[in-house]
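Below is one structure, written out as structure tokens; the observations come after it.
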Amino acid sequence: MKNAEIISKKPVTDGLLDYERAYKEFSWEAIKKDICIRNNKVNIAYEAIDQHAQSWRKNKVALYWEGADGTCQKYTFLEMKKLSDKCANMLRTLGVRKGDRVFIFLPRLPELYISMIAIAKLGAIAGPMFSAFGPDAVRDRLHNSEALVLITTPELKERIETVLWELPKLEHIVLVNVKEDYELEESDVCYKTLMKDTPDKFEMEWMEWEDPLYILYTSGTTGKPKGVTHVHNDMISHSITTKWVLDLRDDDVYWCTADPGWVTGTVYGLWGPWLNGISSYIYDGRFDAAKWYEIIQTFKVTVWYTAPTALRMLMKDGDDLVKKYDLSSLRYICSVGEPLNPEVIRWGLKVYGLPIHDNWWQTETGSIMIANYPCLPVKPGSMGKPFPGIKTAIIDGKGNELPAGQHGLLALKPGWPSMLRKVWGDEKRFKEYFSINGWYATGDTAYKDEDGYFWFVGRADDVINTSGHRVGPFEVESALLEHRAVAESGVIGKPDAERGEIIKAFVVLHEGFAPSKELEEELKKFIRHRLAAHAYPREIEFCTNLPKTRSGKIMRRLLKARDLGLPTGDISTLED
Ligand code: ATP
Ligand code: MG
């Protein structure tokens, strides 16, 4: 257990100040009471937008938007209310009713955010999809969900043209950013034209807490993506986790770098900040280290929520670049999506002067479950402690709780507000989550230390069994990252007659380093000094990049399949 290193901080928050007390006294009912109830009916869009549009926040900026070409726009809460009312009216004229699925295949345009709110106002179910998807990924999702309407752009429609005939349930395509000379097909409608003549007042559907809100397909890291379905009740979790984990307050400018096609971009790029009335910045461009720093400098971003893959890329681009920008507005940084290597935290502390707060959750959990908080010290490499109201445990295959220090399955006690309600069209897969003695099984392995901090070991499928020892790929990858030549690595177990499995590492080098037999030996020696002797990679392969999901997660199952010449399985979410 590597819990010797602790980063202590002075809390700069007016949010969560006493973790232990909050955990002990917490009640979801109390949080729910804070949320307006009209005849016990609700709508997340009311809480996130309309409520603020009627309050002192009406002229506060809800969305600072920047396009890939540098165009900037801003929208107040009042403007967002009117635009989403208009959009809801428009979708209603197309026949969208409560419970219908409306899917969105757009770049991170303002229309994406406006439609998400409009769909909620209609009581329909939104399905945001990442705009880099290919035709098969889009078809699978529209087919599985039996979507009635698709909102997209002419360019993206062209990309998926070949699969549209396979979608008999799809009645309308709404096109955003249509140029004047574009010829609309009969079943298509132009967003801008329809919006122009539509009233900006809409009587929203008042929903039951348990009515569905959105379907998000998981990242596809371990297999075929699952259509995880969430409900309006999720807002209870969204709202309080945003406040206590991301530490947002009214004067913040918040930047979540995730796309709404992934759960982080929907929950913490949209609902969480707006439920709390926070100004959110959205960038519709690709990753570029210099541009990212420029954004923080120009928009005076105060709270930044990003992912390990982005942080590793920033680290790869070096310390000198950081020095060229004024990043003094930043006061809080969080990370999610993959294990956050301790080396990245140390680097962040050096160059940004701030600890990076890792947190853990899944599409299925609908909100942050384990986190580092402003009021607690950070132990680099640990995901932190369970969110108040969340009972986490490390269990064996039968559901028995294991003591501190022991590796096992990470499990949660079912019943928190944002827990998945179904897997769309797959009741069997849904039940499997709850098949270990009443626990919700996450599919990840971890351990808890004596102080109650949780440490990620690996996906249950990725854990390596070598000579009777269980080794998580993350610890080997993190140790490799501590070597100055290594920029990134992916570690797998490879069948071996003698040892069961041996550890193989795929390594991407920093600029200025070249693959060689000597470097390979040096890396092996380096790991042997850092980890137990059995945990060093007997095989190292240098490569120029690693296969990742479009949300930036290393696809170890693909490294393994390729290495062993096995079928690759579902690769619809694989990055180009
Ligand atoms: P699929 O379920 O389709 O295989 P996925 O699990 O990657 O894809 P997501 O729901 O986007 O889909 O990701 C959740 C998973 O991401 C977690 O189960 C965990 O393995 C990983 N993860 C998220 N945050 C962290 C973190 N802070 N540390 C370690 N792992 C994390
Ligand atoms: Mg998963």
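Quick notes on this one:
- Phi angles across segment 243-256 convert, under the Karplus curve 6.51 cos²θ - 1.76 cosθ + 1.60 with θ = phi - 60°, into 3J(HN,Hα) values of 5, 8, 8, 7, 6, 6, 9, 4, 8, 7, 10, 10, 10, 9 Hz, Gly and Pro given as x.
- The chain: angle of helix 342-351 to the longest principal axis, Cα-based, in degrees nearest 10: 70 degrees
- Among 68, 337, 289 the positive-end extreme of the charge dipole of the chain (Cβ point charges): 337
- Other residues whose C-beta falls under 15 angstrom from the C-beta of residue 528 contribute a net charge of -2, scoring Lys and Arg +1 and Asp and Glu -1.
- Counting only lysines at least 8 places from residue 379 when in the same chain, those with an alpha carbon closer than 20 Å to its own are 2, 9, 10, 350, 448.
- Charge tally for residue 167 (other residues, Cβ to Cβ under 11 Å; Lys, Arg +1; Asp, Glu -1): -1.
- Only Lys, Arg, Asp and Glu carry charge here, each on its Cβ (+1 for the first two, -1 for the last two); on that basis the chain has a dipole of about 1140 debye about its Cα centre.
- Packing-based ranking, highest mean first, of 294-302, 475-483 given that Cβ atoms within 10 Å are counted: 475-483, 294-302
- Accessible area of residue 313 in the full protein assembly, 1.4 Å probe (Å², nearest 10): 70 Å²
- Cα pair distances in segment 2-445, grouped into 20 Å bins until the bin that holds the longest one, percent each: 25, 59, 16, 0
- Cα centroid separation, segment 244-278 to segment 133-174: 28 Å.
- Compared with the direct C-alpha span, the chain from residue 346 to residue 496 gains 50.4 nm at full extension, assuming 0.36 nm per residue.
- Protection proxy ranking of 231-239, 282-290, by the mean of other Cβ atoms within 10 Å over each peptide's residues and highest first, is 231-239, 282-290.
- Cross-link partners of residue 82 among aspartates and glutamates (Cα-Cα below 14 Å; sequence separation of 8 or more within a chain): 50, 111, 197, 200, 203
- Compared with the alpha-carbon gap, the fully stretched path from residue 297 to residue 396 is longer by 30.9 nm at 0.36 nm per residue.
- Flagged links, alpha-carbon separation over 19 Å, of 179/201; 81/192; 316/517; 157/179: 179/201; 316/517
- Placing dummy labels 7 Å off each Cα toward the beta-carbon, the span from residue 575 to residue 14 is 4.0 nm.
- Subset of 24/391; 422/560; 86/121 violating a 22 Å alpha-carbon distance limit: 422/560
- Helix 77-93 axis versus longest C-alpha principal axis of the chain: approximately 70°, rounded to the nearest ten.
- The listed residues 279, 329, 8 rank as 8, 329, 279 when sorted by accessible area, largest first, using a 1.4 Å probe.
- Angle of helix 135-145 to the longest C-alpha principal axis of the chain, folded into 0 to 90 degrees and rounded to 10: 70°.
- Summing Lys and Arg as +1 and Asp and Glu as -1 over all other residues whose Cβ lies under 12 Å from the Cβ of residue 113 gives a net charge of -3.
The values are calculated or read from the model by the stated rules, or taken from the named source; none is laboratory data. Predicted model, so just to flag it, every value in this text is computed and none were measured. All Cβ positions, glycine included, derive from the backbone under ideal geometry; neighbour counts span all protein chains shown. Protein only, heavy atoms only, side chains kept; ligands, DNA and RNA dropped before computing areas. Shrake-Rupley method; radii C 1.70, N 1.55, O 1.52, S 1.80 Å.
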